[in-house]
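*Asks:* One structure, pasted below without further comment.
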Amino acid sequence: MIEEQIEKKIADAYMEKFPVSREHHEKLINYIPGGATRSLSYFKPWPIHIDYGQGAYVYTHEGHKLFDVTNAYGAIVHGHGDPDVVKAVQEGIARGSQYSTPTTGQYKLAKLLCERIPGFDRVRFVNSGTEATLFALRTARAYTKKDKILKMTGGFHGTHDCVAASTKKNVITAGIPNGMTEDMLEVKFNDFNGFEKVVKENASELAAVIMEPFLGAGGVVLPEPGYLEHVRKVTSDNNVLLIFDEIFSYRVHIGGCQAFYSVVPDLTTVGKVVGGGLPIGVFGGKEKIMNIYCHESTDKPLYHSGTFNGYETVMQAGYAALFKYDEAAVAYVNKLGDQFQKSLLESFKANGLNIQSNQIGSLLNLHFVNEPITTAEQVLKSEEQLHTLMHLSLLNKGIFTIPRGLFILSTVMTQQEIEHLVDKIDETLKELLPLIEEKYNHLLL
């Protein structure tokens, strides 16, 4: 009875608050299956439609102002409509957006990335994180002349076939031929012994290990002390390349997580914030590896092309965004993340809840689980119904967030806004508390 009452109250409030989103959705489904061209954008009763964004806020067609803690799933770090990024795009595109040649914009962004990220001696540009990991794997296989790849269970590396098949929650792999994954191996994240065993047993055929320094889409699961160092040593000892996928994690430090944890891989992928809010992917690594693309050092360089690779307007936007995402800016937004985590944990305790929040820098993931989370398997135990209701409830309260409990901050936010965010989460937890007491009492202190 309580369950039905709470579900109905939250859903009714959402439907009453966002009727124009419903109108837009019902028109869009006539042309886009499901009404959303990105799987993660859809949720019931209908997905929200945003009219525009400015700073730390987005605005709906109904005229509602929502505090944005999605930030384009991590692609935006300076908020919406950042004046420096806007200026770079406006001035740049007026001169032409793409020339299909090397450009000054490519030079400036490549130089900045190589100066900041320890694992980058040389880089190449693509248009998405999926492309970046695809070419990182192709690079590793071409360089080592081996075929197998090892990934972490729950690790997300885009949607190309060989990495999409995973035990990650809600991933559907229909349409992927079995042959695309026969050379893919998996091991649990933070499993020291399991990792070493799989690498040693497959070393002669294993081209590379691809992993996020922490599981991003998999729940912001952080590495246990010494784990990344262990991974680096085992791969080096067994002549296996190590790829860090830092598309999501790069924002936590000016040099990425590899600088934060002082563990340098052979190849790296970055994206999201690197594009200043525009589509981008970057892969790169040690000079001796990346030189397989170099026309000056080999007669038959590895082929890599694409109409929009190194798209000049993106280069300009990315440079403008990264130039101001300096050590001071990173420290500021990470401090907001620390404040968010501290206040949120206090809210959990005050409400008598034994639930979790995993946080690093400006990234935080709330989990409806009653034990500290160190594995992807534990993330799968988080109560889906509570995530769904929290998401809708927060939208009703003016917070634009990600359904799985992921919160992403930006540099334009203030301490006061973070406290306001915590207050709204606290209100939502109180709203859900009767349901938790009735159905999920294992989450109570």
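*Asks:* Considering each of Tyr303, Tyr311, Tyr319, Tyr332 in turn, give the residue that is over 28 Å from Gly226 (Cβ atoms), of a type in the set (Phe, Trp, Tyr) and modelled with pLDDT under 95.
*Replies:* Tyr303
*Asks:* Kindly indicate which of Asp147, Asp82 is surrounded by 22 or more Cβ atoms within 10 Å (Cβ to Cβ), of a type in the set (D, E, K, R) and out of contact with any His (no Cβ under 8 Å at 6 or more places or on another chain).
*Replies:* Testing whether each residue is surrounded by 22 or more Cβ atoms within 10 Å (Cβ to Cβ), of a type in the set (D, E, K, R) and out of contact with any His (no Cβ under 8 Å at 6 or more places or on another chain) leaves just Asp82.
*Asks:* Where in the stretch 1-113 are the strands (runs of 3 or more DSSP E), entirely inside, with at least 3 residues that are touching a residue at least 40 places away in the same chain (Cβ under 8 Å), closer than 25 Å to Arg251 by Cβ and of a type outside the set (Lys, Arg)?
*Replies:* 65-68
*Asks:* Do any strands (runs of 3 or more DSSP E) entirely within the stretch 183-245 hold 3 or more residues that are more than 30 Å from Pro403 (Cβ to Cβ), and if so, which?
*Replies:* Per the criteria, 206-211.
*Asks:* Looking at the stretch 243-257, I want the residues that are on the phi > 0 side of the Ramachandran plot and have a partner that is in a helix (DSSP H, G or I) and surrounded by fewer than 24 Cβ atoms within 10 Å (Cβ to Cβ) with Cβ atoms under 9 Å, at least 6 apart or on another chain. Which pairs are those?
*Replies:* Gly256/Arg116
*Asks:* Applying the selection to the stretch 261-293, what residues are free of Cβ contacts under 8 Å to residues at least 12 places away in the same chain and more than 20 Å from His304 (Cβ to Cβ)?
*Replies:* Once the filter is applied, which keeps residues that are free of Cβ contacts under 8 Å to residues at least 12 places away in the same chain and more than 20 Å from His304 (Cβ to Cβ), the stretch 261-293 yields only Ser262.
*Asks:* Would you call Tyr107 among the aromatic types (Phe, Trp, Tyr) and farther than 28 Å from Asp266 by Cα?
*Replies:* no
*Asks:* If you don't mind, another one. Counting just the residues of the stretch 281-331 that are part of a helix (DSSP H, G or I) and touching a Ser or Thr at 6+ places or on another chain (Cβ under 6 Å), which one comes out farthest from Leu409 (Cα to Cα)?
*Replies:* Of everything passing the filter in the stretch 281-331, Asn291 is farthest from Leu409 (Cα to Cα).
*Asks:* Shifting gears a bit: Within the bounds of the stretch 198-215, is there any residue that is within 21 Å of Ala376 (Cα to Cα) and out of contact with any strand residue (DSSP E or B) (no Cβ under 7 Å at 6 or more places or on another chain)?
*Replies:* No, there is no match, as no residue in the stretch 198-215 is within 21 Å of Ala376 (Cα to Cα) and out of contact with any strand residue (DSSP E or B) (no Cβ under 7 Å at 6 or more places or on another chain).
The values are calculated or read from the model by the stated rules, or taken from the named source; none is laboratory data. Quantities reported herein were computed from a predicted structural model and do not represent experimental measurements. Using ideal geometry, Cβ is built from the backbone for each residue, glycine included, and neighbour counts are taken over all protein chains shown.
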